[in-house]
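The values are calculated or read from the model by the stated rules, or taken from the named source; none is laboratory data. From a predicted model like this one, the values you see are computed outputs, not experimental measurements. Neighbour counts run over all protein chains shown; Cβ positions are idealised from the backbone, glycine included. For the accessible areas, the whole protein counts, side chains as well, though only heavy atoms, and no ligand, DNA or RNA atoms are used. Shrake-Rupley method; radii C 1.70, N 1.55, O 1.52, S 1.80 Å.
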Amino acid sequence: TLNASKNEVDKIEFLSDGTKLTFLQVLNLSNNKVRTVPPIAIVRLKRLNLNDNVVESLKRFGGHPTVECIELRRNRLKNLSGLHSCPQLVELYAAENEISDFSGLVNLTGLRKLNLRKNAIERFTNLPQLPNLYYLNLRENKVENVKEIARLKELRSLGYLNVKATPVEETLGGETKKEILMVFNELKVVNKEEVTQDDRKEAIQELEERIRQEEERKKEEEEKLREEEEERKRIAAEEEAARKAEEEERRREEEERRKEEEAKAAEEAALKAQEQADNQPG
């Protein structure tokens, strides 16, 4: 173990020399002034503590083959890019940073515990493959919608979830556990409360009732639309019938007028012919 905490260390480039500290397993560099993390070549390293530094990026780090626990609380990280290819990593603590998503957590197949408390996470899009992740602490993040929590079902092994002091928990209040179980029934602990069989049953029943109500609402909406369509067709048919009746009446009136005009013309022609006959000398 090497404890170099509470000093003025700002550069740790010496950790890239694989010929040094070859038997070191625990390295504590907390409460220093480290800004960037270089590749670390300590071959037997198990635990790395960088809490309370000013780390802004992990891009140079690039992973480590033996490290099992990394602590990065209270730094200046906006993402976890560079924290990949750590096949033995089991625990990662990165609370109180400015992290907004899960990007960078690549090839962490052994990760079991992830603490991202008090960061800036709102959504769970493009989740990485974390097949063994069981514990996820998202307390004091910015998650607003329980539908976003449903996306976490992609994390097949997840059993412990903490979203206390988030907008979604503040909105749902005492219904938070039930609402989360309705979208993610496999969880075993929600906001530090163990999930019982009664909790699961209540959530499933509530979900089934909401589905039933939604189906009824859809049926009512479909019936309303059908009635509106029938009424529209009825009105259209009446308007069409009225239009045809008007056209028929107009044609009848035009025919009568034509006949009257023809009769008048014939009468005038007859009168003219009579006048001509009367005027013939005789």
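Okay, here's what the table says:
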quantity	calculated
Of residues in the stretch 187-211 being within 24 Å of the chain's Cα centre (by Cα) and open to solvent by 100 Å² or more (accessible area, probe 1.4 Å), the one nearest to Gly159 (Cα to Cα)	Lys188
Residue list for the stretch 1-57, restricted to those being open to solvent by 80 Å² or more (accessible area, probe 1.4 Å), under 24 Å from Val90 (Cβ atoms) and not polar (S, T, N, Q)	Phe23, Arg44, Arg47
Number of positions in the stretch 74-96 that are more than 15 Å from Leu45 (Cα to Cα) and either within 27 Å of the chain's Cα centre (by Cα) or without any contact (Cβ under 8 Å) to a residue 24 or more places away in the chain (or both)	14
Entirely in the stretch 97-173, the strands (runs of 3 or more DSSP E) that have 3 or more residues that are of a type outside the set (A, V, I, L, M, F, W, C), open to solvent by 10 Å² or more (accessible area, probe 1.4 Å) and touching a residue at least 24 places away in the same chain (Cβ under 8 Å)	none
Filtered residues of the stretch 101-121 (kept if at pLDDT 95 or above and of a type in the set (S, T, N, Q))	Asn115, Asn119
Matching residues, the stretch 84-96, being at pLDDT 95 or above and either outside any loop (DSSP other than H, G, I, E, B) or under 20 Å from Ser157 (Cβ atoms) (or both)	Gln88, Leu89, Val90, Glu91, Leu92, Tyr93, Ala94
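Okay, residues lined up against (1) closer than 30 Å to Val143 by Cβ; (2) among the aliphatic types (A, V, I, L, M); (3) open to solvent by less than 100 Å² (accessible area, probe 1.4 Å); (4) part of a helix (DSSP H, G or I):
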| site | (1), (2), (3), (4) |
| --- | --- |
| Glu228 | no, no, yes, yes |
| Arg234 | no, no, no, yes |
| Glu253 | no, no, yes, yes |
| Lys264 | no, no, no, yes |
| Ala270 | no, yes, yes, yes |
| Ala273 | no, yes, yes, yes |
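Condition check ((1) under 30 Å from Tyr135 (Cβ atoms); (2) out of contact with any strand residue (DSSP E or B) (no Cβ under 7 Å at 6 or more places or on another chain); (3) of a type in the set (D, E, K, R)) across all residues:
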| residue | (1), (2), (3) |
| --- | --- |
| Ile180 | yes, no, no |
| Val195 | yes, no, no |
| Glu202 | yes, yes, yes |
| Glu230 | no, yes, yes |
